[in-house]
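For reference, the structure is listed below as structure tokens.
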Amino acid sequence: MVDGSSTRPTPRPVTLYAKEGLVAGRVLRRYQRFLCDVELAGGDLVVAHCANTGTMATCWSPGDLVLLEPNHNPRRKLHYDWICSRRDGHWLGVHTAIPNRVVEEAARRDLLPGLPGLHDVRREVPYGVEHSRIDVLAADSAGRRVYIEVKNTTLRDTDGGEALVRFPDAVTVRGAKHLRELRAVALEGHRAAVVFFVHRDDVTAFDVAFHIDPEYASELDRAVAAGVQILPVQARMDVSSDQAERWTVVWSLAGLLPWRRDVSGRRSRDDAP
């Protein structure tokens, strides 16, 4: 009897980036924006560097399991970097440099959802009238330039029972500047996109955090009207540990999330006295 179900095996995700030799601990507090106290599994207390400049709301609470990357460079004052956290049974990524590396590798291997056929991929290329650097610059199959801005996206919210991920988690003047730059290059005839790198798997859709930064939401609307693509790319993190309690995290991409564009919510704020 044929029931229409497929017996084809699910393809294994393609590894785009990995970190090995991580150590586990329990985060105790975050302070001075870039610092966090972590108690390691053996009981030692260390101060780790936090590369994330946002509020990291919904990313951690005291006592959560975290993974740190040891760094034994004697020139560095802090010898651990906070890579990811575990919340309510789900891993999420807090290190803001990782999304750029994953997206760059996906573009090089033609695996970036929503932007097929990229080549001549470069990172951190200066551009724009406001003296910016684009996270990833590439060319498409027609030879047009493709400007890609990458945003680590972790703010979890619920709307009508649906788990959303939002960006930003704090007012971002720099982020608004990047949208203006992308809008300008799109109006010049180039391609431009924002990859909202969804660095957690317990959400099913994306929307801008207009209630946190209405100016960013407005700039995003203007960018879309000019032709900038919005790509909420769902990341996948596979986490494992060995007998020596050394942890490994492997990153791949799972596809695009839908954009639940709450235009009514933004309009109600615009109409407020």
Q: With the checklist (1) among the small types (Gly, Ala, Ser); (2) over 17 Å from the mean Cα position of the chain (by Cα); (3) surrounded by 21 or more Cβ atoms within 10 Å (Cβ to Cβ) in hand, flag the one item Ala209 doesn't pass.
A: (2)
Q: Please state which one of Val121, Val94, Val125 is touching a residue at least 40 places away in the same chain (Cβ under 8 Å) and β-branched (Val, Ile, Thr).
A: Val94
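Residues are listed down the side, and each one gets a yes or a no for (1) within 30 Å of Ser141 (Cα to Cα); (2) assigned by TED's automatic domain parsing to the domain that holds Gly128; (3) of a type in the set (Val, Ile, Thr); (4) not in a helix (DSSP H, G or I):
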residue: Val165; (1), (2), (3), (4): no, yes, yes, yes
residue: His178; (1), (2), (3), (4): yes, yes, no, no
residue: Ala184; (1), (2), (3), (4): yes, yes, no, no
residue: Gly189; (1), (2), (3), (4): yes, yes, no, yes
residue: Val195; (1), (2), (3), (4): yes, yes, yes, yes
residue: Ile212; (1), (2), (3), (4): no, yes, yes, yes
**Q.** Residues that are within 20 Å of Ala163 (Cβ to Cβ), at pLDDT 95 or above, in a loop (DSSP other than H, G, I, E, B) and not aromatic (Phe, Trp, Tyr), drawn from the range 58-88
**A.** Thr58, Cys59, Ser61, Asp64
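Yes/no matrix, rows are residues, columns are (1) of a type outside the set (Val, Ile, Thr); (2) assigned by TED's automatic domain parsing to the domain that holds Asp238:
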| residue | (1), (2) |
| --- | --- |
| Val46 | no, no |
| Val66 | no, no |
| Ile83 | no, no |
| Arg86 | yes, no |
| Ala106 | yes, yes |
| Val125 | no, yes |
Q. Any chance the range 128-141 includes a residue that's in contact (Cβ under 8 Å) with a residue 40 or more places away in the chain and either farther than 25 Å from Gly54 by Cβ or in the same structural domain as Arg86 (by TED's automatic domain parsing) (or both)?
A. yes
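Going by the structure shown, is Gly114 within 18 Å of the chain's Cα centre (by Cα), in the same structural domain as Val150 (by TED's automatic domain parsing) and over 30 Å from Asp242 (Cα atoms)?
When the stated conditions are applied, Gly114 passes them.
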**Q.** Residue that is basic (Lys, Arg) and farther than 21 Å from Thr248 by Cβ, where the choices are Arg76, Arg12, Arg86, Arg101
**A.** Arg76
Q: Just need a number here: residues in the range 126-161 that are surrounded by 13 or more Cβ atoms within 10 Å (Cβ to Cβ) and closer than 21 Å to Gly227 by Cα.
A: 18
Q: Hey, can you tell me all the residues within the range 136-153 that are more than 15 Å from Glu188 (Cα to Cα) and of a type in the set (Lys, Arg)?
A: Lys151
(Q) Among the residues that make up the range 192-204, is at least one of them of a type in the set (A, V, I, L, M), closer than 26 Å to Glu105 by Cα, surrounded by fewer than 20 Cβ atoms within 10 Å (Cβ to Cβ) and out of contact with any Pro (no Cβ under 9 Å at 6 or more places or on another chain)? (A) no
Q) So which residues in the range 89-103 are within 14 Å of Thr153 (Cα to Cα) and assigned to a strand (DSSP E or B)? A) Trp91, Leu92, Gly93
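The values are calculated or read from the model by the stated rules, or taken from the named source; none is laboratory data. None of the values given here were measured: they were computed from a predicted structure. Here Cβ is always computed from backbone atoms with ideal geometry, including for glycine, and neighbour counts include all displayed protein chains.
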